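In what follows, a single structure is set out as structure tokens and then discussed.
The values are calculated or read from the model by the stated rules, or taken from the named source; none is laboratory data. Source: prediction; values computed, not measured. Neighbour counts run over all protein chains shown; Cβ positions are idealised from the backbone, glycine included. Keep in mind that these areas ignore ligands, DNA and RNA; they rest on the heavy atoms of the full protein, side chains included. Shrake-Rupley method; radii C 1.70, N 1.55, O 1.52, S 1.80 Å.
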Amino acid sequence: MPARLPSWAWTSGLTVGAIAAVAVLAVQADKGPHPTATSAKPSSSASARPTPTASAPARVPDGSGTGRRIVYSLGEKRVWMVDASEATRRTFTVWPGTVSPDPGTYTISSRNAATTGSDGVPIEHIMYFAAQDGVSVAFSNAVDGSSPPPAASGGKTGGVRMKKADGTALWAFGTVGTTVAVVR
């Protein structure tokens, strides 16, 4: 009659086997194909808005200051989160509103967890940092992650919208008093 192994021996054996299987799969995954970034192609629809995309950290624009800050490029429609050591923590593209602040240095003056945008869309992670032509300018994201609709003729909007994950990251980074450098 064969000897019977104690239950702890079976458990240990199964654990060792599972760890070995995971290690083999990890090595295979590391040697396999890796996804590559692609650029979004604009839609042929005249009213379609381009989709913001996260990317490898692009170079922070010259003249954006130093130290911990948020950099917003009007021309690139891009935001950078820069830490105190000058390292880019995250960068992503955004959908600007119809009203943009003048280039310069601002600070986040107030934050609002959630409200409804001037376009009627529920938004969250609202961080106000400027006013231009009587319109408040703020970073935010739609609660459902959607892009803002094209602005109605003559409508003034100051929301700088981003994807939900980017809005969550910026909300964690940009507390009241955080510097916002706006560049061309």
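Collect the residues in the range 110-140 that are closer than 13 Å to G167 by Cβ, touching a residue at least 60 places away in the same chain (Cβ under 8 Å) and open to solvent by less than 60 Å² (accessible area, probe 1.4 Å), keeping them in residue-number order.
F139
Yes/no per residue for (1) among the aliphatic types (A, V, I, L, M); (2) out of contact with any Asp or Glu (no Cβ under 6 Å at 6 or more places or on another chain); (3) more than 19 Å from W80 (Cα to Cα):
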residue	(1), (2), (3)
T107	no, yes, no
I126	yes, yes, no
F129	no, yes, no
V135	yes, yes, yes
A138	yes, yes, no
V160	yes, yes, no
T168	no, yes, no
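Across the range 74-93, which residue is farthest from V183 (Cα to Cα) among those that are open to solvent by less than 80 Å² (accessible area, probe 1.4 Å) and among the hydroxyl-bearing types (S, T, Y)?
T88
Quick one: in the range 141-177, which of the residues that are over 10 Å from G97 (Cα atoms), open to solvent by 10 Å² or more (accessible area, probe 1.4 Å) and among the polar types (S, T, N, Q) is modelled with the lowest pLDDT?
S153
Name the residues in the range 141-162 that are free of Cβ contacts under 8 Å to residues at least 60 places away in the same chain and part of a strand (DSSP E or B), would you?
Within the range 141-162, N141, A142 qualify.
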